[in-house]
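A short write-up of the structure that comes next.
The values are calculated or read from the model by the stated rules, or taken from the named source; none is laboratory data. These numbers were taken from a predicted model, which means no experiment stands behind them. Cβ coordinates were reconstructed from backbone atoms using ideal geometry, including for glycine residues, and neighbour counts include every protein chain displayed. Keep in mind that these areas ignore ligands, DNA and RNA; they rest on the heavy atoms of the full protein, side chains included. Shrake-Rupley method; radii C 1.70, N 1.55, O 1.52, S 1.80 Å.
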Amino acid sequence: MEVSKDYTQDGTVDIHGRPVMASKTGRWRACSFLLGYEAFERMAFYGIASNLVNYLTTRLHEDTISSVRNVNNWSGAVWITPILGAYIADSYLGRFWTFTISSLIYVMGMILLTMAVSLKSLRPTCENGVCNKASSLQITFFYLSLYIIAIGAGGTKPNISTFGADQFDDFNPREKKLKVSFFNWWMFSAFLGALFATLGLVYIQENLGWGLGYGIPTVGLLLSLFVFYLGTPFYRHKVLKTGNLAKDLVRVPISAFRNRKLSCPDDPLELHEVDVQYYISGKQQVHHTPIFRFLDKAAIKTDSRDLPCTVTQVEVAKRILGLILIWLVTLIPSTLWAQINTLFVKQGTTLDRKIGSGFQIPAASLGSFVTLSMLLSVPMYDQYFVPLMRKKTGNPRGITLLQRLGIGFVIQIIAIAVASAVEVKRMRMIREFHITSPKEIIPMSIFWLLPQYSLLGVADVFNAIGLLEFFYDQSPEDMQSLGTTFFTSGIGLGNFLNSFLVTVVDKITGRGNGKSWIGDNLNDSRLDYYYGFLMVISTVNLGLFLWAACKYVYKNDDHTKEFMNGGSVQMEGKALETSSLSI
């Protein structure tokens, strides 16, 4: 039965489950109600993350290694919990209702955190700038608030961006083209929230009070949720598909292992697949690809009573395996990103932060230059770089998604190399002025750190936005919330990995009365060695990424009119080589 052209062609429905009119719902009109939440959520997250290391060291009196580790662990939890939130959305509640419940948990955590830093009974008392040691109750309440926020983020992060992408119909060429720009402008709104946090909230926290600094984004979140629900009549909702996706993914490798002694037929058409009529009802057929051939054994027809897996089920498993390979080589770049809210901030506290006669820049505010460079780069990328490259390559995105990631990773390596060079200069100034005290300010402007912040911001335009779009675009149709968690979990594990690395490096370099590279006294440490270590492992990781990218085969679905032909993928009307020369 043909769907009327007045309705969306991708089967989306309204909140009551009824087909929606294409002209009255979705697209940028619907997305405008979502962008406000993303801006305020990013403001809340960066308002906490950017300056948390300073709160832990100055208010809760944690040492450098403990504070860096606790910031990384919390940030890691914020980015790793979306795995659960995405699974619930894709399998049970859908994106809208999972986001709704989780956003309320997030706001509750923000309210509790604001109380933790505001109420005298819940925070350490301070006199003349010296704070008493926090009690067990105060520490427990503070960290409980933080991790409630992490739980709420688990349901909001993977679902709000994918819910926004759902507002564009892939079957409509015009809307599909609009979605190419969606993730760029989605991240642009996130950058605005991050910019206000690093410029405004950080200053408010250190000069007007932590309670006000956390209370502002809390109120903003509540207002943005109100705006979000005003847009309910305009939203399109994906219909939840029946079947257990996780069970299918597990079944494929088990079946392939069971049939490991069998030989795959030369003709893929001899593998098991159900009749094409089965896929008309909303399920999507995926055709055979030549990668990961060992999984094809799961679809070999045998005399067993148990039906073999279908080619589509096998191809979905192949797709997830391909995403996992790319995901693994994004962990080290995420570790570099973790420096922005930890060691870069501590580095900045040792430098001269004065502007004029009286104003002093909060060290965490320099993170705003990551955001500023992003805000300047996103419009240039979307309005100039993409059209220019589109003319040269014929690719609607200008360059392939993996090429975009590779460029970002290279810029990140340059940024950490610059950070190491600046640290060498900082150490030279320390020796020149015979500085030994951890609280003594080095006569070197904090603006020496600007290049490393700015370069990481430019890098994120390529790899942060690119990763979000890559994992959404390349995930199986029924798993796009879960697919997006490849992006969030990569950042989360990158934070955990950084926590692990600083702990191990501190123990190894400080062993036997040695000088730790990352000691409590940064004026007597060797951060340049640690940054150099990160640069080396990042360069090795870049080589692994190039290898994985050369092996990757892009998604090839019927509804986007992509066809596999002898080693190339025809994507949105233009062939893209999948050889080693094109990632």
Identify all lysines with a Cα-Cα distance to Lys507 below 18 Å; exclude those on the same chain that are fewer than 8 residues away in sequence. Lys515
Within the stretch 85-218, pairs of Lys residues whose Cα atoms are less than 25 angstrom apart, provided they are eight or more positions apart or on distinct chains, add up to 4
Computed over the stretch 165-213, the convex hull of the Cα set has an average projected area, in nm², of 4.1
Of all accessible surface on the chain at a 1.4 Å probe, what whole percent is carbon and sulfur? 64
Going Cα to Cα from Lys551, which lysines come in below 21 Å? Please leave out same-chain ones fewer than 8 positions away. Lys297, Lys318, Lys574
Order 318-329, 40-51 from most to least packed using the mean count of other Cβ atoms within 10 Å. 40-51, 318-329
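Assuming R0 = 35 Å, what is the FRET efficiency of Ile537 and Arg428, from their Cβ-Cβ distance, to the nearest 0.05?
That gives a FRET efficiency of 0.90.
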Return P(r) of the stretch 89-213 (all Cα-Cα pairs; 5 Å bins starting at 0; whole %; ordered from short to long distances). 2, 10, 12, 15, 17, 13, 10, 8, 5, 4, 2, 1, 0
Calculated SAXS-style log₁₀ I(q)/I(0) at q = 0.20, 0.27, 0.30 Å⁻¹ - the stretch 70-128, Debye, Cα scatterers: -0.87, -1.08, -1.13
Proximal aspartates and glutamates to Lys346, defined as alpha-carbon separation beneath 18 angstrom and excluding residues fewer than eight positions away on the same chain: Glu62, Asp63, Glu206, Glu423, Glu440, Asp506, Asp520, Asp524, Asp528
Nearest 10, in degrees from 0 to 90: the angle of helix 401-432 to the longest Cα principal axis of the chain is 10
From the convex hull of the Cα coordinates of the stretch 152-250, what is the mean projected area in square nanometres? 9.4
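Can you give the accessible area per residue of the chain, in Å², using a 1.4 Å probe?
43
Once you have the alpha carbon radius of gyration of the stretch 9-167, what is it after dividing by 2.2 N^0.38 Å, with N set to its residue count?
1.27
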Could you tell me how many cubic angstrom of Cα convex hull volume the chain has per residue? 173
Relative contact order computed over the stretch 440-516 (Cα-Cα under 8 Å; 6+ residues apart), in percent: 14
Between beta-carbons, use under 10 Å as the cut-off and find the net charge around Arg526, counting Lys and Arg +1, Asp and Glu -1. -2
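Rg to Rh ratio, the stretch 10-74, alpha-carbon atoms and Kirkwood radius?
That ratio equals 1.36.
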Based only on the alpha carbon positions, what is the Kirkwood hydrodynamic radius of the stretch 315-376, in angstrom? 14.6
Starting from the Cα gyration tensor of the stretch 341-474, multiply each eigenvalue by 5, take the square root, and state the resulting semi-axes largest first in whole Å. 37, 15, 12
With runs of 4+ DSSP H residues as the only contributors, calculate the mean residue ellipticity of the chain at 222 nm using -39,500 (n - 2.57) per run, divided by the residue total and rounded to the nearest 500. -20000 deg cm²/dmol
For a quick check of your reading of the filter: which GluC sites (Glu not before Pro) in the stretch 389-473 sit in a DSSP loop and have no more than 16 other Cβ atoms within 10 Å? Glu440
With Rh as the Kirkwood radius over Cα pairs, the stretch 188-319 has Rg/Rh of 1.31
Range of Cα positions in the stretch 94-159 per principal axis (Å), largest first: 51, 17, 16
Which listed residue (Ser23, Ala89, Leu146) has the Cα farthest towards the positive end of the charge dipole for the chain, taking +1 on Lys and Arg C-beta and -1 on Asp and Glu C-beta about the Cα centre? Leu146
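Mean separation of Cα pairs under 8 Å and 6+ residues apart, divided by the residue count of the chain: what relative contact order is that in percent?
The normalised contact order for the chain reaches 20 percent.
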